[in-house]
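Q: Sending over a structure as structure tokens; questions will come in a sec.
The values are calculated or read from the model by the stated rules, or taken from the named source; none is laboratory data. If you're wondering where the values come from, they're calculated on a predicted model, not measured in any experiment. Cβ sites come from the backbone with ideal geometry, for glycine too, and all protein chains shown count toward neighbours.
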Amino acid sequence: MRILIRGTVQGVGFRPMVYRSAVSIGASGMVWNNGSDVVIDTDKGEELIEAIEANLPPLARIESVEVTDVGYGGPKGFSIVGSKQCGEGASIPADSSICDDCIREMLSPGRRRGYPFTTCTNCGPRFTLLKGMPYDRPLTAMDRFLLCPDCEKEFKDPVDRRFHHQTICCPKCGPKYRLEDNNGIIDVKDPIGRLARELDAGCIAVVKGWGGMHICCNLDRLDAMRGWYGRKEKPFAIMARDMDSLRRYGEPTEDEAELLKSPNRPIVLIKKIQSDITELASPGLDNIGMFLPYTGMHHLLFSKLRHDALVMTSANIPGEPMIVDDTKVKELGADYYLLHDQPILNRADDTVVRMLGDRTQYIRRSRGCVPYHLPIGRKGCAVGMGPQENLTAAIAFNGSIWPTQYIGNGEKIGVPEYLEEAIETQIGFLNCKPTMFAMDLHPGYANRPIAKFLAQEYGAELMEVQHHWAHAASLMVDNSIDSCVALTIDGTGHGDDGTAWGGEVLDCDLDSYRRVAHLECIPLLGSERALYDLRRLRFAIDSMNGAENHDFTDSEAFVLHKLMDRSVMTSSFGRILDALAYSLGVCSNRTYDGEPAMKLEPLLNRGRMVEGFETETVNGVVRTAHLFHDSIERKEDIAYSIVHNIMEELVQSASEEADRKGIDGIGLTGGVSYNRTISRMFLDLVSRTDHPPVLHREVPNGDGGVSIGQTAIALSRL
């Protein structure tokens, strides 16, 4: 028999497992990588398939098994043979945290004691050090490191857990860490131990890991870190030594604890324990981003630290891509730099998630959670370029959509180039040629020139996709459905009528969409300035209501009144939350993306329904401006009642449209849906209808999922 296996079957110890399984049942034959797949010729096909399924490595996933009766006439015995460059699609494993066996080996007497690059076939970096397929050492960042005799012996030993481990190494033959300051390399025998002492003493450092670098300091230095990094309010993620240490700062649920300990090691937003330190870490929020060590370096560092937690944030000039170049990182001006000589080929920021009940919501899907793919059931090759912020791209090929890692904010320096690099890398891994590129409808997005260039380079078609339609399409792909009525609620997206959308009910499939209802439009006075100076939103709302506003001088108010009829209009739910946050004294200026709405969430969590904030839908428009009036009610009750009544009108419009069209599900997507209270309102309101709720599973709710929707729509057009 010839057996063809597809799935995550490269870089995960799959061929060694096949070898051991074959030997255990006395099968003869051979196994090899065929591009992205694994192929086996054997005289005991059915028995070997059963043995393989019973002995899968921890990181392996089988998607399909194809068997062909070719007749086996080979020699006795079983062997692993060289890889072949053919096949279609990809079988790229994500990076996985160092396993317990390797941690014990690294912390115990032996030749790998204290060696931070200790990994095996069950753990370690994969995607971030991969050049191309198939997954063999010459196509990884380890190609420059020749095996020493001891490692070569392990590599060839069928009973060793490093049998055919492509990135096997040890202190004799592998990468090494060094410690530097701004004057150059520091001559020290134990660079990790020395840095631990400096961190305990209060330094700010950069450490290079898998897929990127982090800026770090101990928590006593949080205030100084904010001043040094110029980040006054935006939350910092905290890496804790272990779960016991983590629980000093936050209260994870059982499901959140499992996520924190998973091999992906994401940053998880959990309920924070209120203290001066945690408030400095996430000002004005009731959650905190926590994660656990995932590299050998992290474990060694904490084994030598007195402090039980560190700030760990991506090392980049704010807004730009994470730095992976050892020389460029010196521009940050940190006190110390813990660097190594293994190249980072595919950078990947930390994944960020939060839980809604037992459901994982991806805020940023990257290191440890990419590559991944979603079935689409449509042939063809297309590329979605994503939006502007929280940018990703996605490539569809051979019935699946493969999103890239998180890229960043498209308008910042270096991000468009990083986007193009990630797209070209993914296309290379998939070995495909796109025939359609899809980009956002907004004429000013920075990735549009790249889309036009790539379309010309590949001789492909180019199409525009409305932002919120792409959100809804990503939700449909995520749930394997063909149509839905969706609430697409976020900060902004260019509408097909020239206004800025963001509080929409769309009836859509992958071929078309119809705007069923939307929030009342409010002028953005000064356009972009209104997104940061939230007084302008309240001034516009007061003007619509004919109410007085005392936030501006008479001369300023005169100019703003002139802008009322000249400004871009927006139906954005995000802007309503911004105006509400300002009106209730929660936030007056936005210093980072989503800040006002995030700081409003603690109020929403504590609120209850009160009278006086009812609204209505007139000709498909949900009235909102009149909700902003003086009230003697508690702030949290005002916030809750306004938001709940708006959600009730949106869900009602969606339910009526679903009834009229015979559509099953009512969906929720867009960045506002990360708000846990708003999502719970949605679930409660939809439960009162005859329609099931449709929520995200694997795809980010926010703009990180837009490229997936664009790609699906482009495939439908093809």
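Q: Residues that are of a type in the set (A, V, I, L, M), under 32 Å from the mean Cα position of the chain (by Cα) and either within 21 Å of Pro75 (Cβ to Cβ) or part of a strand (DSSP E or B) (or both): does segment 5-15 have at least one?
A: Within segment 5-15 (the criterion being of a type in the set (A, V, I, L, M), under 32 Å from the mean Cα position of the chain (by Cα) and either within 21 Å of Pro75 (Cβ to Cβ) or part of a strand (DSSP E or B) (or both)), the answer is yes, since at least one residue qualifies.
Q: Which residue out of Cys216, Cys169, Cys151 is buried (at least 22 other Cβ atoms within 10 Å of the Cβ), out of contact with any Phe, Trp or Tyr (no Cβ under 7 Å at 6 or more places or on another chain) and at pLDDT 95 or above?
A: Cys216
Q: A further question on this structure: Out of the residues in segment 547-566 that are in contact (Cβ under 8 Å) with a residue 24 or more places away in the chain and crowded, with 16+ Cβ neighbours inside 10 Å, state the one that is nearest to Thr492 (Cα to Cα).
A: Looking at the filtered set, the residue picked out is Leu563.
Q: Considering only residues of segment 91-135 that are among the polar types (S, T, N, Q) and closer than 18 Å to Phe155 by Cβ, which is surrounded by the most Cβ atoms within 10 Å (Cβ to Cβ)?
A: Only one residue tops the list, namely Thr118.
Q: Ok, one more. Which residues, counting only those in segment 660-674, are buried (at least 23 other Cβ atoms within 10 Å of the Cβ), touching a helix residue (DSSP H, G or I) at 6+ places or on another chain (Cβ under 8 Å) and either under 24 Å from Glu636 (Cα atoms) or of a type in the set (A, V, I, L, M, F, W, C) (or both)?
A: Ile666, Leu668, Gly670, Gly671, Val672, Ser673
Q: Looking at segment 173-190, can you tell me whether even one residue there is part of a strand (DSSP E or B) and β-branched (Val, Ile, Thr)?
A: The answer is yes, given that some residue of segment 173-190 is part of a strand (DSSP E or B) and β-branched (Val, Ile, Thr).
Q: A further question follows. Taking the options Val559, Val586, name whichever one is part of a helix (DSSP H, G or I) and not small (Gly, Ala, Ser).
A: Val559 is the lone residue from the list that is part of a helix (DSSP H, G or I) and not small (Gly, Ala, Ser).
Q: Something else about it: Please state which one of Ser655, Ser673 is in contact with a His (Cβ under 9 Å, 6 or more places away or on another chain), part of a helix (DSSP H, G or I), at pLDDT 95 or above and closer than 30 Å to Tyr372 by Cα.
A: From the options Ser655, Ser673, the qualifying one is Ser673.
Q: Name the strands (runs of 3 or more DSSP E) wholly within segment 242-341 that hold at least 3 residues that are over 18 Å from the mean Cα position of the chain (by Cα) and modelled with pLDDT of 95 or more?
A: 309-314, 336-340
The rows are residues; the columns are (1) outside any strand (DSSP E or B); (2) closer than 30 Å to Thr360 by Cα; (3) polar (S, T, N, Q).
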site: Met476; (1), (2), (3): yes, yes, no
site: Ile489; (1), (2), (3): no, yes, no
site: Gly498; (1), (2), (3): yes, no, no
site: Ala517; (1), (2), (3): no, yes, no
site: Leu537; (1), (2), (3): yes, no, no
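Q: Right, here's the next one. Of all residues in segment 191-211, which are modelled with pLDDT of 95 or more and either outside the structural domain of Ile277 (by TED's automatic domain parsing) or not in a helix (DSSP H, G or I) (or both)?
A: Gly202, Cys203, Ile204, Ala205, Val206, Val207, Lys208, Gly209
Q: Taking the conditions exactly as written (out of contact with any Cys (no Cβ under 6 Å at 6 or more places or on another chain) and either more than 24 Å from His340 (Cβ to Cβ) or of a type in the set (A, V, I, L, M, F, W, C) (or both)), does Gly193 satisfy them or not?
A: no
Q: Further question on the same structure: Is there any pair linking a residue in segment 251-272 that is in contact (Cβ under 8 Å) with a residue 24 or more places away in the chain and assigned by TED's automatic domain parsing to the domain that holds Pro283 to one that is assigned to a loop (DSSP other than H, G, I, E, B) and of a type in the set (Gly, Ala, Ser), with Cβ under 6 Å and at least six apart or on different chains, and which?
A: Here the result reads Pro263/Ser97; Asn264/Gly368; Arg265/Ser97; Arg265/Gly368; Ile267/Ala237, each pair linking segment 251-272 to a residue that is assigned to a loop (DSSP other than H, G, I, E, B) and of a type in the set (Gly, Ala, Ser).
Q: If you don't mind, there's one more thing I want to ask. I'd like to verify a number: residues in segment 226-281 that are β-branched (Val, Ile, Thr) and surrounded by 20 or more Cβ atoms within 10 Å (Cβ to Cβ), how many?
A: Residues in segment 226-281 being β-branched (Val, Ile, Thr) and surrounded by 20 or more Cβ atoms within 10 Å (Cβ to Cβ): 5 in total.
Q: May I pose another question? Touching a residue at least 24 places away in the same chain (Cβ under 8 Å), surrounded by fewer than 21 Cβ atoms within 10 Å (Cβ to Cβ) and in a strand (DSSP E or B): which single residue out of Met569, Met544, Met609 fits that description?
A: Met569
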